[in-house]
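The values are calculated or read from the model by the stated rules, or taken from the named source; none is laboratory data. Please read these numbers as outputs of a predicted model, since none were measured by experiment. Cβ coordinates were reconstructed from backbone atoms using ideal geometry, including for glycine residues, and neighbour counts include every protein chain displayed. The accessibility values were calculated without ligands, DNA or RNA, using every heavy atom of the protein model including side chains. Shrake-Rupley method; radii C 1.70, N 1.55, O 1.52, S 1.80 Å.
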Amino acid sequence: WYGFLTGFLPRRYGVATGKVVDSRGHQSEQVDLIVYDAFYSPLLFVVGDATFVPAESVYAVFEVKQTLNKDHLDAAAAKAESVRRLHRTSALIPNQFGKKDLRKDLNDLPTIAGILTSGSQWSTPYYDVLRTHLEAQPLPRAIDLGCALGDGSFDTARDPVSAGRGLRDLSV
């Protein structure tokens, strides 16, 4: 999955394995794949075998497992929550004309969370069972997308953050 994402994503995005940290000294659980902004926030901290990525630069986090099932979906949700609870700051961004653009409202841009697996323990099509599990997830633990290589993928459409990011639609 690491090789796929690094080969597929534009160079503006980096991919790492590690922990996400915030400016208040908190950190997430170990995350299998972190997609981060390598252009505006290229700072990664590597200490020994551990990589730390600033919370402000994280776009998405993915849990990698062998199979898609409830336990692994719950594990991915716990990792997502450990990242989403971190404090994110935003500064003015300079542009090519020397002016500073408005800062991003990071509260309106939640970190995307997903699960990547080789297959699914659920019979295909697994729309109903997956929807039941996704609807039961509270906002900080919400999984947004996933792929079970042998059995299909899924993507969610959610309400805006201001409306609680409830699950509107599930595409399988």
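Computed values, structure above
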quantity	calculated
Which numbered condition Arg11 misses (of (1) in contact with a helix residue (DSSP H, G or I) (Cβ under 9 Å, 6 or more places away or on another chain); (2) part of a loop (DSSP other than H, G, I, E, B); (3) not hydroxyl-bearing (Ser, Thr, Tyr))	(1)
Selected residue (criterion: nearest to Gln30 (Cα to Cα)) from residues of segment 76-108 that are among the β-branched types (Val, Ile, Thr) and modelled with pLDDT under 85	Thr89
Residue list for segment 146-172, filter: open to solvent by 50 Å² or more (accessible area, probe 1.4 Å), free of Cβ contacts under 8 Å to residues at least 40 places away in the same chain and not in a helix (DSSP H, G or I)	Leu149, Gly150, Ser153, Asp155, Arg168, Asp169, Ser171
Single unsatisfied condition, Leu73 versus (1) modelled with pLDDT under 95; (2) part of a helix (DSSP H, G or I)	(1)
Segment 41-65, residues that are in a loop (DSSP other than H, G, I, E, B) and either at pLDDT 95 or above or under 18 Å from the mean Cα position of the chain (by Cα) (or both)	Ser41, Pro42, Leu44, Lys65
